Every structure is written in C-alpha cells, then in structure tokens.
Amino acid sequence: MTKYAYYPGCSLHSVAKEYDLSMKAVCRALGIDLIEIPDWICCGSSPAHTTSHLLSLALPISNCIWAENQGLDIIAPCASCFSRLKIANLEIKKDGKIRQKVNRIIEEEYKGTVDILNPLQLFNRMDMHGEIKNLVKIDMSGIKVACYYGCLLSRPGDIAGEDDCEHPKKMDQIITTIGASTCDWQCKTECCGASLAITQPKVAFRLVCEVLNSAMENGADCIAVACPLCQSNLDMRQSEVSDHLGKDIHLPVVYFTQLIGLAIGINQEALGLKHLITAPFSLFEEKCNLSMAIAKG
Amino acid sequence: MKWALNQNTTDDGFVARVEKTSGQNISSCYQCGKCSAGCPVCRDMDLAPNQIMRFLQLGIRDTVLASRTIWLCASCQTCSIRCPQIIDLARVMDSLRIISQRKEMESAPNDWQSLLAGIWNRFKESMIYILQMDARSNLRCFNHIFLDSIHYYGRVFEPALIFNYNINSGYLFSNFLKAPVMLLKSKIKFLPVEVRRRDKVQKIFERVKMMEREEE
C-alpha cells in the first residue's frame, strides 16, 4: 500500500465535497492510503500571493512540516492549493535565504524534502494506468469527455508537471484508460476566470461562456475537471449562460475522479454525484447503461 | 495618447523596486505584445499587459499603480509561459499589487475587537468604493476579507467570506441567488472549523508583517 499525506484544502471540505469523496473512494480502490494532514491550515491561495510574497510561502510550508517528519509526499487535489504548495517548495529548495526566512516565520526547521503531487500526476504514475485498466467494469465508450485543465493544472509547465503546457495530456490519458473518448477542443487550457468570479462577475461570466460554448460545439457530453474552482464556476452559471447564448447548455461538469470511480464500479453514493449542480444522471443512464437510482440519493 | 516624461511623472527607483519584489528583469521586455495577445481579460483592462511593462520601464509609477489592469489580472499565467524573454509577467502583476497594498496589510486583526474595528474601517472605505464600483477596490477588499478569515479561523469559511464581501464591497446581493441551489446540493457549511493551532497561524501573520517592515 502506497501512503501519502493528504492536503484537502478549504474547498474540498465545503463546495467541492464530491471531489474529496470521489478522490478518497478511488484511492481506496487502488490501494493508495491517504492520511489527512492533522490541523492543516489554508494555503492562502491568490489573496496571499497578491498581497505578500512571504505569506504566500509561509502558509503552504507550515502544512508540509508534518509530511516531512513522516517521510511522506503530499497529494493536493485542489489545483490552487497544489500550485501554491508546489511553488513554495520549489522556491525554498532553490533559495537558502528564503528558506531561512520562512523557517523563522513558522518557527520550525523545514528542509524541503517533500514532493507535492496533484491527482493527475498520481494516477499517471507508471504502474497506475495498468491498475486502473484492470479494475474497469463499466463500458464508458459511449461518453465523449472534454478534459478541462484550466490554468493551474497546465501552467507553468515545471510546476504543473506537464511537458507541453499549451497541450497538456495527463487527464486525457486517464480518461482514455477508463475507456471513454476525449474531444479535441480549443479551450482546454483557457482561463475560466474563477479567481474573478466574486470580484468581477461580468468578466468571469464571459470566460465561462467561451469555455462552455466551445465544449458544446465540439460535441462533448460532459466536462471533466480536476479543480474545485473551475468546477463550481463552470457548473453554477449554466442557466444564465443558456439565456445569454440563446441555446440550451446542459453540460455536467464532473470531477475526473468521479468518472474513474464510475468506470471501476465504486458504490455510486460514495462518489457524491448528487452534489453536482448540473445533474449528470440522465447522461450516464443513456450512454453507459447505468442505473443511477442510488447516486441520486 | 500623450505622456509627458519629467521628474514629476517618473520615479527612477520604482523599476528597481518592482524588479526586486518580482525577481524579474523588466528592462528585457522588447514589446512583442505576446502577453497581451494571449491575455483572457485584456479587453477589460485599461492598459494592456505589454503597456504596463513599457510604463514600468519608463518609471511612470502612478499610472501603473492606478490602473485597473493590475487588479483584473486573473493570475492565469498565460503571459508568463509565452514570453520570449522569459519574464514571469504574472509575478510582476503580483508585485505591483503587493506594492500598492503594503500599507493596508498593517491592520490585520488578532482578536475580535480589532476584527470588528477592521470591518468597520473597511465599511467606511467601501462607502467610497460604492461610489466608484471599481476593479481596484473589489479585489483589494476581497483579499483582505479572505486573509482575515485565514488569520481568524485558520481556514476559509465561505459563507462569512461572501457575506463580509457583499457588505464591504457594496454589492449587497451579489451571489445571493446562488445560495438556494448551494444549500440544496449541500455545498454550504454552516459552522467554521476552528483549527487547533490557530495561535500559530496568527503568529505567522505577525512575523510576516514584522519581517516585511524590517526589509523596507
């Protein structure tokens, strides 16, 4: 059993609880042991890095100490948390002075030996593809998925771990592994504007329209995401987007872990599908011949 | 558009300060415009990202710090990965926001009285913002409230975050209509989780403030 420290972040305990549920369920099925970091604190996200550089390093690093003491790497499913943890770790490894400063702030001795992974990297590790493939029970071939990476899972390349940040492939590879087909579309790395959703709703709305419209036009049945901010931003505004574009937009925005879970036949209740705002049930019933009575709750 | 360059409009030290804060070489920008071409929010900005770079090179501080652009940047990093001169433009935007917010950082709360005092101060500020309805004030206000939440609880407590933002920004009913569906899908937490090492979090904020003051 492979063990990892688990950093859920604030979103996975509230608006993205289905990501938390499905992530844990899939890992359990794959024999990956996730241990939640005790008493973790918020990574600071964008408000920290746009306000104070030191704060944007100290908050994430204070969460890595426990993992370092246990000798574990950290899995951070939220794209924003992942990015902040990874950036802070890289900066500390590169610059000894910064490390001293941060250690003074958090009053502990952090060496920087922890590696930070997002679920896309975890499930793309060499052995994982075969293991997922062996577990697949449901025929997902009827579904066409638009894999959406957004900003922080594709950029910058050295942080996100993608070889080509204009054309990332990790999620597409996983979705292909479970037997579903993926679509080529131009918005997979476009920004959805989630960081502006509260402060500049009009700007964010325009970006959401572009992404949803592009997925729709390229024949996607659903959008797969790996970021709670993208998910809620793309999922919540579909009725307004339909009104604005003058066409009916009903595109379930599911976490890629939920798709893996469905394919490998995990108990549907454990995947939290009922928490999605745009209901995905009829899609799975039609295209995968699944009975979704349990998932509806 | 005409810009006068003289001692009143330029600040020679400003470029150096931005370069130090961001770790980026501002002068290496040769105005290819790739950053602006790829920027998803460029059309809503008053100065395009490449214009910000040019103004920085010329040391026109006030125009840069007063622009809507630095507050509209979504930190999506498209500019940073496409720059042929490997300038991390998103980091430059961060530095500009940091520099313009430095003074406001001072008033972060550490007990409930100062938390209330902070809310009252920002309420007064927001009365001015309401008249402006402006990108600058919105994001600054959001940043403060978000960081206050971490400072106070150790984590973000979304309902309070949205409530405080709506009150402080003047957009009283912003996101109001989303509440029923969020409740229906049980995506809202009713009580904040208080982290046990809360005092440690507060110390982190205090020490960061202290060290930043030392550096200046």
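The values are calculated or read from the model by the stated rules, or taken from the named source; none is laboratory data. Every value quoted in this text rests on a predicted model; they were computed, and no experiment measured them. Counting neighbours? That spans all protein chains shown, and the Cβs are built from the backbone with ideal geometry, glycine included. With ligands, DNA and RNA removed, areas are computed over all heavy atoms of the protein, side chains included. Shrake-Rupley method; radii C 1.70, N 1.55, O 1.52, S 1.80 Å.
Over region A:136-296, the pair-distance histogram of Cα-Cα distances with 5 Å bins from zero comes to 1, 9, 18, 23, 20, 15, 9, 3, 0 percent, rounded to whole numbers. At a 1.4 Å probe, what is the % contribution of carbon and sulfur to the accessible area of region A:107-148? Roughly 51 percent of what the probe reaches on region A:107-148 is carbon or sulfur.
Taking all Cα-Cα distances within the protein assembly as shown, those exceeding 43 Å account for 14%. Contact with the other protein chains removes 50 Å² or more of accessible area, compared with the isolated chain and a 1.4 Å probe, from these residues of region A:195-239: A:Leu196, A:Ile198, A:Thr199, A:Gln200, A:Arg206, A:Met236. For helix A:201-217, report the angle its Cα long axis makes with the longest principal axis of the Cα atoms of chain A; keep it between 0 and 90° and round to the nearest 10°. Once rounded, one gets 50 degrees.
Across A:Pro38, A:Pro119, A:Pro168, mean-square fluctuation computed from a Gaussian network of chain A (C-alpha pairs under 10 Å connected) peaks at A:Pro38.
Pairs of Cα atoms nearer than 8 Å and 6+ residues apart set the relative contact order; for region A:180-244 it is 37 percent. With a 10 Å cut-off around each Cβ of B:68-79, the average count of Cβ atoms from other chains is 6. Based on Cα contacts under 8 Å between residues 6+ apart, chain B shows a relative contact order of 16 percent.
Cβ-Cβ distance of B:Leu177 and A:Lys247, R₀ of 25 Å, FRET efficiency by 1/(1 + (r/R0)^6): the value works out to about 0.70. The equivalent ellipsoid of chain A has semi-axes of 32, 23, 16 Å, largest first, where each one is the square root of 5 times an eigenvalue of the Cα gyration tensor. Figure legend: label point modelled 7 angstrom from the Cα of A:His13 along Cα→Cβ; residues of region A:78-112 with amide N under 20 Å from it are A:78-86.
About its Cα centre, the dipole of the protein assembly as shown is roughly 540 debye, where the only charges are +1 on Lys and Arg Cβ and -1 on Asp and Glu Cβ.
Once all protein chains are placed together, A:His275 keeps about 10 Å² accessible to a 1.4 angstrom probe. Shape descriptor for chain B: Rg over Rh equals 1.00 (Cα atoms; Rh from the Kirkwood inverse mean 1/r). Each of A:Lys133 and A:Gln173 was given a label point 7 Å from its Cα along the Cα-to-Cβ line. The distance between the two points is 1.3 nm. Excluding ligands, DNA and RNA and using a 1.4 Å probe, chains A and B jointly bury around 5500 Å² of accessible surface, summed across both partners.
A:Leu30 exposes around 10 Å² of accessible area when a 1.4 Å probe is run over every protein chain in place. Once the Cα atoms are used to define both axes, helix B:49-58 deviates from the longest principal axis of chain B by about 60 degrees.
Placing A:His129, A:His49 in order of accessible area, with the largest value first and a 1.4 Å probe, yields A:His129, A:His49.
Residue ranking by accessible heavy-atom surface, 1.4 Å probe, largest first, among A:Cys27, B:Cys32 comes out as B:Cys32, A:Cys27. Computed extension gain for B:Ile86 through B:Asp12, at 0.36 nm per residue and net of the alpha carbon distance, reaches 24.3 nm.
Out of the DSSP beta bridges found with both residues in the protein assembly as shown, what percent are antiparallel (nearest 5)? Counting DSSP beta bridges with both partners in the protein assembly as shown, the antiparallel share is about 0 percent. Tell me the label-point distance for the pair A:Glu217, B:Lys2, using the 7 Å Cα-to-Cβ offset, in nm and rounded to one decimal. Each label point lies 7 Å from its Cα, and together they span 4.3 nm.
Largest first and in whole Å, the equivalent-ellipsoid semi-axes of region B:12-102 read 17, 15, 12, each the square root of five times a Cα gyration tensor eigenvalue.
Under Stokes-Einstein, with the Kirkwood radius over Cα pairs as Rh, the value for region A:165-252 at 10 °C and 1.306 mPa s is 117 µm²/s. Accessible surface area normalised per residue over chain A is 35 Å², counting heavy atoms of protein chains with a 1.4 Å rolling probe.
Ordering B:Ala4, B:Asn175, B:Cys42 by Cα displacement along the dipole of chain B toward the positive end leaves B:Asn175 in first place; charges were set at the Cβ atoms of Lys, Arg (+1) and Asp, Glu (-1).
Anyone know which of A:Glu36, A:Glu68, A:Glu108 comes out most mobile in the 10 Å Cα GNM of chain A? Its mean-square fluctuation being the largest, the pick is A:Glu108. Heavy-atom accessible area for A:Glu190, with the other protein chains in place and a 1.4 Å probe, reaches approximately 70 Å². The value of relative contact order for region B:12-102, using C-alpha pairs under 8 Å at least six residues apart, is 35 percent. If you run the Gaussian network model on chain A, springs between alpha carbon atoms under 10 Å, then out of A:Lys247, A:Lys101, A:Lys133 the most flexible one is A:Lys247. Using a cut-off of 29 Å between Cα atoms, the listed pairs A:Lys17/A:Lys137; A:Lys133/A:Lys188; A:Lys24/B:Lys209 include A:Lys24/B:Lys209 as exceeding that distance. The fraction of accessible area contributed by carbon and sulfur in region A:157-297 is 48 percent, rounded to a whole number (1.4 Å probe; ligands and nucleic acids excluded). Applying both filters, DSSP loop and at most 16 other Cβ atoms within 10 Å, to the chymotrypsin sites (Phe, Trp or Tyr not before Pro) of region B:151-184 gives B:Phe173.
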